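Q: This structure is in structure tokens; I'll ask about it shortly.
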Amino acid sequence: NEIKIFSPATVANVSCGYDVLGFCLDTIGDEMIVRKTEKKGIFITKIEGYKLPFEAKKNVAGVSALAMLADAQPNCGFEIEIYKKIKPGSGIGSSSASACGSVFAINELLGRPYNKTQVTDFAMKGEALASGSEHADNLAPGIFGGFTLVKSTSPLEVLQLPTPKDMYATIIHPQIEIKTSDARAILPKEFPLTDAITQWANVGSFVHALHTNDYDLLKRALHDVIVEPHRSRLIPHFAEVKSAALIHGALGAGISGAGPSIFTLSKGIENAKSVERAMRDVYSSTTIAFETYVSRIN
Ligand code: HSE
């Protein structure tokens, strides 16, 4: 009647796959305890870490849980405790982790009536509250793990992609906040066809590289000519961090989700750690506080 879960941080977009690609981190995430109550409804009773609304309808974990309850119509309710470790507005799927965690836990307590795609679909209702639009590129890796591709959101279709051996992510999180809705609003509505061609060639190549363990192709596919040129202006020292990461052995570097976090992918833990040191060096010479994470991608 009670479950304690870890809801992982995630990286969305992965350079070339805006709103489509994502992967899961296993070293940072929120914790939640969810327990059945006799009284029907969703009751958020504890939030530690960051200040977020307790009212279920205003909390992303509450909204996704309410969506699941409206469909499942169980004879009970649920109490949710949230131990928030992922800072809201960090670009590593903070709202997504809340949205995924509650519905994942409730599905388990109900005896798993829903499959992973259906659980992700309920989580999308919570994510929409935070970002103003329904997208699932953080949610899908949070529920499925590893790399995922969201083929469509309506109806939701998620593809689980393979992870090449020894794939590591290094993340640097400068402690400034970027609202996803703002980062979405600054993007142009139309793009030149030549840029679109480059981008979809890269997405296809990236997916092929994951399937064939082709690190060289993966490196050449990790580019973003659509979103990064616009959003990188919001992130101080982005170009320096990116070039330091590439010089020190990263396969690629880009904005994590809507930013401000910057992600890199590397082959092997040694490369991932040397990239971490190089990125830390850039921000160490500024007044901006930051944190870094290294995580194996499973
Ligand atoms: N794909 C989303 C974006 C992820 O970049 O806006 C952040 O929620």
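Q: Provide the per-residue ³J(HN,Hα) series for segment 111-117, in order, calculated from phi with Karplus coefficients 6.51, -1.76, 1.60 and θ = phi - 60°, each as a whole number of Hz, with x at glycine and proline positions.
A: Listing the rounded values in order: x, 6, x, 10, 7, 4, 5 Hz.
Q: While we're on this one: For each of Thr212, Thr163, Thr170, count neighbouring Cβ atoms within 10 Å of the residue's Cβ, then give the residues from fewest to most. Please list the in-between numbers first.
A: Working: Thr212 12, Thr163 17, Thr170 28.
Final ranking by Cβ density, sparse to dense: Thr212, Thr163, Thr170.
Q: Consider just the alpha-carbon atoms of segment 177-298 and return their Rg together with their Dmax, both in angstrom.
A: Considering segment 177-298 through its Cα atoms, Rg and Dmax are 15.0, 42 Å.
Q: I've got another one for you. Calculate one ³J(HN,Hα) per residue across segment 48-55 by plugging θ = phi - 60° into the Karplus curve 6.51 cos²θ - 1.76 cosθ + 1.60, and present them in order as whole Hz with x for glycine and proline.
A: Computed from phi, the couplings for segment 48-55 are 10, x, 9, 7, 9, x, 7, 5 Hz.
Q: Towards the positive end of the charge dipole of the chain, with charges on Cβ (+1 Lys, Arg; -1 Asp, Glu), say which of Tyr50, Ala209, Pro188 has the farthest Cα.
A: Tyr50
Q: On to the next question. Can you sort Thr286, Thr120 so the residue with the fewest Cβ neighbours within 10 Å comes first?
A: In order of increasing Cβ crowding within 10 Å: Thr286, Thr120.
Q: Take every Cα pair under 8 Å in the chain that's 6+ residues apart, average their separations, divide by the length, and report that relative contact order as a whole percent.
A: With pairs under 8 Å counted, the relative contact order is 22 percent.
Q: What list of ³J(HN,Hα) couplings, whole Hz, do you get for segment 277-286 from phi and the Karplus terms 6.51, -1.76, 1.60, once you set θ to phi - 60° and write x for glycine and proline?
A: Each residue's phi maps through the Karplus curve to give 4, 5, 6, 4, 4, 5, 6, 5, 8, 10 Hz.
Q: For a label point 7 Å from the Cα of Asn298 along Cα→C-beta, name the residues of segment 158-178 whose backbone N is under 16 Å from it.
A: Only 161-169 pass the distance filter.
Q: Rounded to the nearest 10 degrees, what's the angle between the helix 193-212 long axis and the longest principal axis of the chain, both from Cα atoms, 0 to 90?
A: With both axes taken from Cα atoms, the answer is about 80 degrees.
Q: What spacing in nm lies between the two simple spin-label points modelled at Ser284 and Leu187, each 7 Å away from Cα in the Cβ direction?
A: Once both label points are built, they end up 3.5 nm from each other.
Q: Please find the FRET efficiency linking Ala70 to Phe6, where r is the Cβ-Cβ separation and R0 is fixed at 41 Å, and quote it to the nearest 0.05.
A: So, using R0 = 41 Å, E works out to roughly 0.95.
Q: Largest first and to the nearest Å, give the Cα extent of the chain along each principal axis.
A: Over the chain, Cα extents along the principal axes are 58, 40, 37 Å.
Q: Can you sort Ser284, Ser266, Ser133, Ser295 so the residue with the fewest Cβ neighbours within 10 Å comes first? Could you put the intermediate results ahead of the total?
A: Details: Ser284 10, Ser266 26, Ser133 13, Ser295 22.
With the sparsest Cβ surroundings first, the list reads Ser284, Ser133, Ser295, Ser266.
Q: Rounding to the nearest 20 debye, state how big the charge dipole of segment 230-296 is about its Cα centre with +1 on each Lys and Arg Cβ and -1 on each Asp and Glu Cβ.
A: With only Lys, Arg, Asp and Glu charged at Cβ, the dipole is about 160 debye.
Q: Using the Cα centre of the chain as origin and beta-carbon charges of +1 (Lys, Arg) and -1 (Asp, Glu), tell me which of Thr163, Ser261, Leu69 is placed farthest towards the positive end of the dipole.
A: The listed residue farthest towards the positive side: Leu69.
Q: Consider a paramagnetic label point 7 Å from the Cα of Asp166 along Cα→Cβ; state which residues of segment 233-253 have an amide N under 16 Å from it.
A: It comes to 249-252, nothing else.
Q: Next question. Please get the size of the charge dipole for segment 43-100, origin at its Cα centre, with Cβ charges of +1 on Lys and Arg and -1 on Asp and Glu, quoted in debye to the nearest 20.
A: 300
Q: Also: At 222 nm, what helix-only mean residue ellipticity would the chain give, in deg cm²/dmol to the nearest 500, using -39500 (n - 2.57) for each DSSP H run of four or more?
A: Result for the chain, helices only: -11500 deg cm²/dmol.
Q: Could you tell me how far the Cα centroid of segment 164-214 sits from the Cα centroid of segment 128-145, in Å?
A: Cα centroid of segment 128-145 versus Cα centroid of segment 164-214: 15 Å apart.
Q: Per-residue counts of other Cβ atoms within 10 Å, averaged by peptide: what ranking do you get for 98-107, 239-248, 47-56, highest first?
A: Highest to lowest by the protection proxy: 98-107, 239-248, 47-56.
Q: To the nearest 20 Debye, how big is the dipole of segment 184-298 about its Cα centre, given +1 on the beta carbon of each Lys and Arg and -1 on that of each Asp and Glu?
A: Working: 12 positive and 11 negative charges, 29 e Å.
So the magnitude is around 140 debye.
Q: Taking the radius of gyration and the Kirkwood hydrodynamic radius from Cα positions alone, what is the Rg/Rh ratio for segment 84-171, to two decimal places?
A: Rg/Rh for segment 84-171 comes to 0.97.
Throughout, read-outs are computed from the coordinates displayed, never taken from laboratory work. Here the structure is a predicted model, which is why all the values come from computation and not from measurement. When we count neighbours, we look across all protein chains shown, and the Cβ atoms used for this are built from the backbone with ideal geometry, even at glycine.
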